[in-house]
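Working notes, structure below.
Nothing in this text is a laboratory measurement; each read-out follows from the coordinates by a stated rule. Since the structure is predicted, the reported quantities are computational estimates derived from the model, not experimental observations. In this analysis, Cβ positions are derived from the backbone assuming ideal geometry, glycine residues included, and neighbour counts consider all displayed protein chains.
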Amino acid sequence: MNRINNTEHERLTFWEKLYLPEIAKGMGITFRQLFKPKFTRQYPEERWEPTGSYRGRPVLVLDEDGERCVACGLCSRVCPALAIEVQAGETEREKERYPVKFEINMLRCIFCGFCEEVCPEEAIVMSKDYELVFTSQEDAILGKDKLLVPIHKLQDRLEFLREYK
Amino acid sequence: MPILYIDGREYEARKGQTIIEVAFENGINIPHFCWHPELSVAGNCRMCLVEVGLVKRLADGSIQFDDNKKPIVNYFPKLQIACATEAVDGMFVRTNSPRVVKAQESVMEFLLINHPLDCPICDEAGQCKLQEYAFKHSTGFSRFDEQKVHKPKRVIWGPNIIFDAERCISCSRCIRFAKEIAKQDVLTFVQRGDHVTIQLHEGTQFDSPYSMNVIDICPVGALTSRDFRFKSRVWDMSFNDSICEGCARGCNIKIGVRNNEILRVEPRTNPYVNRFWMCDYGRLHYQYVNNNRVIHPYSRVENKLEKISLTDAIELAFQRLRAFHPSEIMFIGSAKTTNENNYLLVKLATEVFNTQNIDLFEHYDEKFGDDFLRCSDKTPNLRGARLVGVYPSETSISVNKLPEAIKSGKIKALYIIEDDFTEFPEIYELLDELDLIITHQYNFNLLTENADIIFPVTTFAEMEGTFVNIDNRVQHFAPALVTKNNLRYMGMKMSRLDKFGAHNDRWTKFELRDIHPSWYVFKLLANRFGSNWNYRKAEEVFMDISMNIEGFNGMTYKLLDEYYGIILGRAQNPEPKVPIYESHYMKP
């Protein structure tokens, strides 16, 4: 019976079998890093500010004269994950329609940004908010109170959209 | 019979037909906004422009041929509107030549110049003829940089209609509808050019009982419903075919549903019943399906209604009914419910109880009827109910004799389904003298306050069945709403939200009612009394009807759907199928 001997044990040289030189080599690399500049971010204290192109939590734009959203329902229609639910109502403002209810289920949201792309009023945009922690399924459904963000906090994204959308 | 050629194919026209009519009957769609088969021809949208020509003839009238033996056609230098050009013999029509396409694109560009970009706000979006054509017959971009004309928005035209002048494309369909169909000539064009708009005559309002049909025929969102305003997007709703049960006409309708709630009702074309129209009453009286529903069986214990299970309710009804002599029980069917339900009620009364005390209340309102669609008979199925056997024999007790019979103690128990005594208030005072009242109800009402056992049952929107309308036409309808027991009836349409919702989505938290159609309750009750009924669905009850009741012979649900309902006794030779005109053909 032919037997081909090619186990790992057979392939290793004597020094390799000892492992000690290899450990020393590895430690050498580790110690070298001590004297190089550090990249680690001290996260909760030290935060990262994304650029305008970042797609974080979708939010509604709160303009000087109120919310921009007219509850057309296109975001809800285009959302591939069905995360958005809109219920329209009538207002006295020039644009007759407004969202009585606007809910985004953040457990469904996949941050694709289609809602922002389809929005005819530039009312829903992806914010820089990436800290999404919920303690229950119900908490993950964000209503209008949590979604409306003043426009000055969203300038970066709006400029990005105007340039590239 | 004039013979004409549309896009190179030969078609035969009837004398006096216009090109667009011939094209429509032969399945060619010529784009149009203002033409409607039921209305007079206005010819003012210019969308249906086609190239028209006649064969070249010699002085003696013979046709001139070219070298390839084809007739030489002289096309008119200007395009003609297909809706107002009569088809004549030897006419050649091109509906999609480059000239025609260019004309259509130009017309669309003109129409869109002053049309506001309101689609996100507009209720018509998603079912808009202008949107459809902008998608299909337009270049896709605008060259117009100037200010759009501003006109009044949110003009109240009547109790049910709101008008937005900016969105109007002046097709005049509403003006013609008001004048010709609704017979309330209150609308007119005012101003000229791009300032043209539609106004009501001074001091009038458009409050005809048929006013809401203008919402359907309006090709844009200029006319919208005040009731439905902003309730939902059309693409979030499911539309299932049904029959209106407001009166005996039996108009064909579509029920628009979201979250298992009826949001609107709109007419469905049936050339033999309602054609394209329905009345406002029929559209707006769906609220009883959504609200105040009985969703549990109840029994009365010490003058209070208590929820019980369906099995217990059947058992209780069995125990209580058994105590009476059959002639002491009065069965009251309903002209408001289907043939299937009434048929099994009759079967229950005659076969299980062996009594002929069966009758129903007729609900007439002379003020309601008119000479168009509305009937004085405000129930959808009086004829059907009578036909399947809901009538007393000569010796038994009818509803007219009922008050006396209750007073004299001849009738001690009342089994009444899906009806109440709203129009017969004198009976309410006698209810205390009865020992037992069993009722099937949709809503809590004065009768449920007096009843001993209440079974919750499905309304027309939640079950399958047939109605027989005033012209003896048997029409089938299917459920539009979901209950626990019809969970997705075969073929029921679902909206996208319905389809993909999960249990933890908030939009799926609708009321899933645990209710059955009346015939199912009769089946349980009859089987408790020892019969052996094994109907599994309404269709099987209808098969029974079509075998046993004269007039229904040979009818099946499939056949009824296919021929838009069939007149009694004409299952073998139903009225012919005709092409159905859909104004907004992309409408869900």
Average silhouette area of region B:497-560, convex hull of alpha-carbon atoms, in square nanometres: 7.2 nm²
Just want the ordering: B:PHE552, A:PHE160, from fewest to most Cβ atoms lying within 10 Å of their own Cβ. A:PHE160, B:PHE552
Pair A:ARG32, B:PHE189: separation of 7 Å Cα→Cβ label points (nm): 8.6 nm
For the charge dipole of the protein assembly as shown, defined by +1 on Lys and Arg C-beta atoms and -1 on Asp and Glu C-beta atoms about the Cα centroid, which residue among A:SER136, B:ALA349, B:LEU200 has the Cα displaced farthest towards the positive pole? A:SER136
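Starting from region B:317-380, pick out the chymotrypsin sites (Phe, Trp or Tyr not before Pro) whose DSSP state is loop and whose Cβ has at most 12 other Cβ atoms within 10 Å.
Answer by residue number: there is no such site.
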Listed pairs A:LYS101/B:LYS509; B:LYS336/B:LYS401; B:LYS537/B:LYS558 exceeding 18 Å between Cα atoms: B:LYS336/B:LYS401
Roughly what would the spin-label model give for B:GLU38 and B:PHE424, points 7 Å off Cα along C-beta, in nm? 3.5 nm
If every Lys and Arg gets +1 and every Asp and Glu gets -1 at its Cβ, then about the Cα centre region B:1-144 yields a dipole, in debye to the nearest 20, of 480 debye
Please report, in whole Å³, the volume per residue of the convex hull around the C-alpha atoms of region A:40-152. 119 Å³
Would you mind putting B:141-149, B:464-472 in packing order, based on average other-beta-carbon counts within 10 Å, highest first? B:464-472, B:141-149
Relative packing of A:70-78, B:431-439, which averages over residues the other C-beta atoms within 10 Å, highest first: A:70-78, B:431-439
Can you compute the label reach from A:THR51? Point 7 Å from Cα along the Cβ direction, backbone N cut-off under 18 Å, restricted to region A:90-134. A:126-130
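Return a whole-number percent for the relative contact order of chain A, with Cα pairs under 8 Å and 6 or more residues apart as the contact set.
26 percent
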Please report how far the C-alpha centroid of region B:512-588 lies from that of region A:65-102, rounded to the nearest whole angstrom. 41 Å
Cleavage-rule hits (GluC sites (Glu not before Pro)) in region B:284-387: DSSP loop, at most 15 neighbouring Cβ within 10 angstrom: B:GLU302, B:GLU362, B:GLU366
With the cut-off at 1.5 for a/c, could you classify the protein assembly as shown from its C-alpha gyration tensor as rounded, prolate or oblate? oblate
Which order results if B:TRP277, A:TRP15, B:TRP157 are arranged by neighbouring Cβ count within 10 Å, fewest first? A:TRP15, B:TRP277, B:TRP157
Cleavage-rule hits, trypsin sites (Lys or Arg not before Pro), region B:350-423, DSSP coil, Cβ neighbours within 10 Å at most 15: B:LYS367, B:LYS410
Of the listed pairs B:LYS129/B:LYS378; B:LYS15/B:LYS78; B:LYS129/B:LYS183; B:LYS231/B:LYS493; B:LYS179/B:LYS367, those with alpha carbons more than 27 Å apart are B:LYS129/B:LYS378
Rounded to the nearest Å, the spacing of the alpha-carbon centers of region B:130-165 and region A:22-42 is 68 Å
Efficiency by 1/(1 + (r/R0)^6): what FRET value for A:THR135 and A:LYS17, r their Cβ-Cβ distance, R0 = 45 Å, to the nearest 0.05? 0.30
Please average, across the residues of B:203-212, the number of beta carbons from any other chain that are within 10 Å of each residue's own beta carbon, and give a whole number. 0
Please report Rg (one decimal) and Dmax (integer) in Å for the Cα set of region B:114-230. 14.3, 43
